[in-house]
Amino acid sequence: MCENARNEIKFGTDGWRAVISKEFTFKNVEILSQAISEWINHDLRKKPGVRKGVAVGYDTRFLSDQYAKTLACILAKNNIEVYLSDTAIPTPTLSFGVTRRNCVAGLMVTASHNPAAFNGIKIKTAQGGAASREITDLVEEYLCKTEVKKVDFEMAKKKKDLVIYDFKEEYVDFLRNYIDLKAIKKSRYKVLTDAMHGSGGSLILRVLRETNIRAQVMRADINPSFEGGKPEPVEEYVSEIKDRVKKEKFDLGLILDGDADRIAAVTADGEYINPQKILGLIILHLARNKGRSGGIVKTICGTTMLDNIAKGLGLKLYETPVGFKYISDLMISEDILAGGEEAGGVGVQNYIPERDGTLAGLLLLEMMVYSKKSIKKLIQEMEKEFGRYYYQKAGLKTDKKKFDLKKVKLMKKILGKKVVDIKTFDGVKLVCEDESWIMFRPSGTEPLVRSYVEAKSMAKAKMLIEYGKTVLKKL
């Protein structure tokens, strides 16, 4: 059993994710919970006076609440005070709660944007950010080192080792204070949010209560099958909100992923807004409208437009491997204005070092209010000043454990354009003389390898993505 558990419990880019009833079983959750308890007791509670509390949250996936109870009971039996969410919540809400309850860590039961068959567990640090590779490696070392200790759920509550806690109230209050609610109150923009059956639910309505914003939420009900798709804010799964925004004359559409830490958006005429453009808009809003400064962080597969924005604003640009935990680390160690990843995770200054789809969406609305311009107009102005780029990605499912990218590194030309730069600190990225680029990277959470491309025309981007698919099949 333990040997299987060690093979099956592996942390990837953002937590441990696995198929429910295959690798993600109650037994494996128990084993991991005991390992996390050992990590907390042996490595986090060495200093006198340090609180022992741990915040535990969960999303709307199948059995997530029961997995969270399992986590909580084992933590409690290991003499760790537990704050268990009273309902499904977004990951950022849990992360924010970690800091407000002065906890040593947070645990979130979620598989984020993965298909319905998956579930997972994310570890959050005391600062609310994603756990580093060093932390997850240490937790894996504790797997099966000691026998699982478990207490009855009702008994743990009775002894007050386990407290049922409302994490939403403080989180909503913070968001209402973070944005300029006074300015927003006067606006009558019409906004539709697609919760994608995830844990974002109707929180944005609570933030915008008592304003003149005409806000609505769709797919806020719990549906663990996610209608046969994935709760991922990519164009493939958001046709309904695109149609509704256009047909019902909304000014802005916002799309949250399954645990509401990522975002995409839709213009008034139903056009999908790539998350990378959202990051660019938020940076410009914070710097120009709010008068803030600091560094900008993007991942290796981030758009070149962010390089141009950083240069244009005179701000330092950082580039990290894929995974928000690397951005989190920089937000703790450096003065960062905003950082984000290509998949829609955006983190901002004066907040926890965490991505937050709800907050990012509210900042887009705030930008529209400040500028009195449509989201489409704001994008057009940004692209006119900093360049228009077309981004595409594709994935190839595979059973391979590793990919040999040596041949990719040897490529001198791509579609007739000379390769002028090669980056290899996460996968392989080849940058060409015309600023187009292609990148290959095995996924850290799914059995597939991805190709990412960008070019100054959609036609070129599509050619590059097809070229990438051909290359992937040969790896």
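The values are calculated or read from the model by the stated rules, or taken from the named source; none is laboratory data. All values derive from a computational prediction rather than experimental measurement. Cβ sites come from the backbone with ideal geometry, for glycine too, and all protein chains shown count toward neighbours.
Summary table
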| quantity | calculated |
| --- | --- |
| Matching entry among Thr93, Thr70 (being β-branched (Val, Ile, Thr), closer than 29 Å to Leu330 by Cβ and assigned to a helix (DSSP H, G or I)) | Thr93 |
| Residue selected from segment 41-62 under the condition buried (at least 18 other Cβ atoms within 10 Å of the Cβ) and either charged (D, E, K, R) or at pLDDT 95 or above (or both), by the criterion farthest from Ala88 (Cα to Cα) | Val54 |
| Which listed residue, of Ala111, Ala117, Ala156, Ala183, is touching a residue at least 60 places away in the same chain (Cβ under 8 Å) and either under 24 Å from Ile327 (Cα atoms) or in contact with a Ser or Thr (Cβ under 7 Å, 6 or more places away or on another chain) (or both) | Ala111 |
| Candidate set from segment 96-120 (those that are under 27 Å from Tyr237 (Cα atoms) and of a type in the set (S, T, N, Q)); member that is surrounded by the fewest Cβ atoms within 10 Å (Cβ to Cβ) | Asn114 |
| In segment 223-256, the residues that are surrounded by 22 or more Cβ atoms within 10 Å (Cβ to Cβ) and in a helix (DSSP H, G or I) | Ile241, Val245 |
| Members of segment 410-423 that are surrounded by 12 or more Cβ atoms within 10 Å (Cβ to Cβ) and on the phi < 0 side of the Ramachandran plot | Met411, Ile414, Lys417, Val419, Val420, Ile422, Lys423 |
| Qualifying residue in segment 135-153 (condition: outside the structural domain of Asp261 (by TED's automatic domain parsing), more than 19 Å from Leu32 (Cα to Cα) and more than 18 Å from the chain's Cα centre (by Cα)) | no |
| Filter result for Ala220 (out of contact with any Pro (no Cβ under 9 Å at 6 or more places or on another chain), modelled with pLDDT of 95 or more and either part of a loop (DSSP other than H, G, I, E, B) or not hydrophobic (A, V, I, L, M, F, W, C) (or both)) | yes |
| Residue list for segment 7-35, filter: β-branched (Val, Ile, Thr), in contact with a strand residue (DSSP E or B) (Cβ under 7 Å, 6 or more places away or on another chain) and under 13 Å from Val139 (Cβ atoms) | Ile9 |
| Residue within segment 376-394 that is farther than 26 Å from Leu252 by Cα and of a type outside the set (Ser, Thr, Tyr) present | yes |
| Test for Met382: is it modelled with pLDDT of 95 or more and in contact with a His (Cβ under 6 Å, 6 or more places away or on another chain) | no |
| Meets criteria (at negative phi, touching a residue at least 40 places away in the same chain (Cβ under 8 Å) and small (Gly, Ala, Ser)) for Ser225 | yes |
| Any hit, segment 186-203, residues being out of contact with any Pro (no Cβ under 8 Å at 6 or more places or on another chain), β-branched (Val, Ile, Thr) and in the same structural domain as Pro233 (by TED's automatic domain parsing) | yes |
| Counted residues, segment 336-364 - those being in contact with a strand residue (DSSP E or B) (Cβ under 8 Å, 6 or more places away or on another chain) and in a loop (DSSP other than H, G, I, E, B) | 9 |
| Residue check, Asn119 of a type outside the set (Phe, Trp, Tyr), in a loop (DSSP other than H, G, I, E, B) and within 19 Å of Trp16 (Cα to Cα) | no |
| Residue among Gly280, Gly302, Gly291 that alone is without any contact (Cβ under 8 Å) to a residue 40 or more places away in the chain, out of contact with any Lys or Arg (no Cβ under 7 Å at 6 or more places or on another chain) and farther than 20 Å from Asn114 by Cα | Gly291 |
| Residues within segment 274-292 that are out of contact with any helix residue (DSSP H, G or I) (no Cβ under 7 Å at 6 or more places or on another chain) and not in a helix (DSSP H, G or I), tallied | 3 |
| In segment 293-333, residue farthest from Lys124 (Cα to Cα) [restricted to those that are in a helix (DSSP H, G or I) and of a type in the set (Ser, Thr, Tyr)] | Thr304 |
| 3 or more residues over 26 Å from Ser95 (Cβ atoms): qualifying helices (runs of 4 or more DSSP H) within segment 122-217 | 153-158, 181-185 |
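For every residue, the table says whether it meets (1) out of contact with any Leu (no Cβ under 7 Å at 6 or more places or on another chain); (2) among the aliphatic types (A, V, I, L, M); (3) over 24 Å from Gly198 (Cα atoms).
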| site | (1), (2), (3) |
| --- | --- |
| Phe324 | yes, no, no |
| Met331 | yes, yes, yes |
| Glu341 | yes, no, no |
| Gln349 | no, no, yes |
| Asp356 | yes, no, no |
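Results for (1) outside the structural domain of Thr91 (by TED's automatic domain parsing); (2) farther than 15 Å from Tyr452 by Cβ; (3) surrounded by fewer than 21 Cβ atoms within 10 Å (Cβ to Cβ), shown as yes or no for each residue.
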position	(1), (2), (3)
Tyr272	yes, yes, yes
Asn289	yes, yes, yes
Thr299	yes, no, no
Gly302	yes, no, no
Val322	yes, no, no
Tyr326	yes, yes, no
Ile332	yes, yes, yes
Gly347	yes, yes, no
Arg355	yes, yes, no
